[in-house]
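Colleague: I'd like to ask you about the structure that follows.
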Amino acid sequence: MKHLDMLGQPCPIPVIQARRAMQAGEDRVTVDVDNEVAVQNLEKMAQGEGYRFAWEGLGEGRFRVELHKNGMQGDQSPKSAVEGTAQLTEFEAVNAYCGPRPGMTVLIGQDHLGEGAEELGRMLIKGFLFSLTELPIPPRQVIFLNGGAHLTTEGANTVPDLRTLEQKGTEIYTCGTCANFFGIKEKLAVGTITDMMNIVRMLAEAADVVSI
């Protein structure tokens, strides 16, 4: 059994972390949250993925949710219970279980910020990504393509900040065509590989897009 302390964490973070834990092979996950919206969204996720759901109040506005992979709801088998929804991407799952959430989408197409001195530009992009981690509402997605793909790979000094963003619920994506072109797909250190169709869809659905 895995226990997740999500107290103080807004949606969709509890849903994302619980779903990841269950998909990683946990049969049972408990999640502590401090708002009823998180409880409701976890219940939606359980229904969509075919897990048994239960919750209890812990007092002082805190709740404990339990998700069980064994003993699926009703008489469904694990395969039939999750058919269709288990294949949702994380982006699709968040929208399905939490609804569209606020936060801008950031598109980064190079490994430095601004034109002129590239060494300075690499310092600036590092500072830019760190500053994103300090926003009250973190970005919904950060998408990397072309030279920006290098920022998500092993050894890049931007990876720790991107991992912090991911922990806060930001989805990190790297263009697969770009990663293949540079031969860095196997060096991905944070986030996931995606394709141009998905990138275009995310941009089309975004309320605000920042491109650098």
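The values are calculated or read from the model by the stated rules, or taken from the named source; none is laboratory data. Computed from a prediction, not measured in an experiment: that's the story for all the values here. Ideal geometry is used to build each Cβ from the backbone, glycine not excepted, and the neighbour counts take in all protein chains shown.
Colleague: Return the total of residues in region 162-189 being closer than 22 Å to Gly103 by Cβ and either surrounded by fewer than 21 Cβ atoms within 10 Å (Cβ to Cβ) or without any contact (Cβ under 8 Å) to a residue 12 or more places away in the chain (or both).
Modeller: 5
Colleague: To continue, here is another question. Only residues in region 15-30 that are within 15 Å of Arg64 (Cβ to Cβ) count as the first member; pair them with residues that are at pLDDT below 90 and surrounded by fewer than 19 Cβ atoms within 10 Å (Cβ to Cβ), Cβ under 9 angstrom, at least 6 apart or cross-chain, and list the lot.
Modeller: Close Cβ pairs (under 9 Å, with a partner that is at pLDDT below 90 and surrounded by fewer than 19 Cβ atoms within 10 Å (Cβ to Cβ)) amount to Gln17/Gln167; Arg28/Met1; Arg28/Asn70; Val29/Met1; Thr30/Met1.
Colleague: Within region 190-209, count every residue that is of a type in the set (A, V, I, L, M) and surrounded by 14 or more Cβ atoms within 10 Å (Cβ to Cβ).
Modeller: Residues that pass the stated criteria total 7.
Colleague: For region 1-34, which positions are out of contact with any His (no Cβ under 6 Å at 6 or more places or on another chain) and in a strand (DSSP E or B)?
Modeller: Lys2, His3, Leu4, Asp5, Val29, Val31, Asp32, Val33
Colleague: Name every residue in region 115-155 that is within 13 Å of Gly191 (Cβ to Cβ), surrounded by fewer than 21 Cβ atoms within 10 Å (Cβ to Cβ) and touching a residue at least 40 places away in the same chain (Cβ under 8 Å), in order of residue number.
Modeller: Correct list: Leu145 only.
Colleague: Within region 158-212, take every residue that is assigned to a strand (DSSP E or B), within 15 Å of the chain's Cα centre (by Cα) and not aromatic (Phe, Trp, Tyr) and give me the one that is nearest to Leu7 (Cα to Cα).
Modeller: Only one residue tops the list, namely Glu171.
Colleague: With respect to Val200, determine if the residue is on the phi < 0 side of the Ramachandran plot, touching a Leu at 6+ places or on another chain (Cβ under 6 Å) and outside the structural domain of Val15 (by TED's automatic domain parsing).
Modeller: No: the conditions fail for Val200.
Colleague: How many of the residues in region 121-157 are over 18 Å from Cys178 (Cβ atoms), outside any loop (DSSP other than H, G, I, E, B) and among the β-branched types (Val, Ile, Thr)?
Modeller: 1
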